[in-house]
């Protein structure tokens, strides 16, 4: 079901978006603290993009723009979450290949973020394939 406004934050999709934001911010903090290496910079870039993307979409959902729009937002979100999850898995794998404590910790948080985006991809796919009513048919007022 598609909800907007503050009710969106209480839905499964809203809680998932908030969790993604928190995990991405933790990934950025860990990568900034532990990493002065080219492999960590890639994860930092991906997590920064993911934070920006998720924050913008969260604001669009809360403001109700997505519900009113005729664009296929769920397909856009589904594809972008899928791409983000694949790139996050790649970046976290590269980060953990350094094999130091801080880099492994940062990579594990990146894997957790990728898992959250995989869940979001599944959720958005289910919402995208669900048929939405475009028109509401009512019984006309016919004279007797």
Just one of (i) 82, 24, 19; (ii) 49, 31, 25; (iii) 61, 49, 30 is Cα extents along the principal axes in Å calculated from these coordinates, so which is it? (i)
Starting from the Cα-Cα distance between residue 19 and residue 100, subtract it from 0.36 nm times their residue separation and give me the gain in nm to one decimal. 26.5 nm
For segment 5-129, what is the relative contact order in percent, using Cα pairs closer than 8 Å and at least 6 residues apart in sequence? 34
Report the residue, chosen from 17, 101, 124, that carries the largest GNM mean-square fluctuation when the chain is represented by alpha-carbon nodes joined by springs under 10 Å. 101
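Where a number appears in this text, it was derived from the coordinates with a stated rule and is not lab data. Computed from a prediction, not measured in an experiment: that's the story for all the values here.
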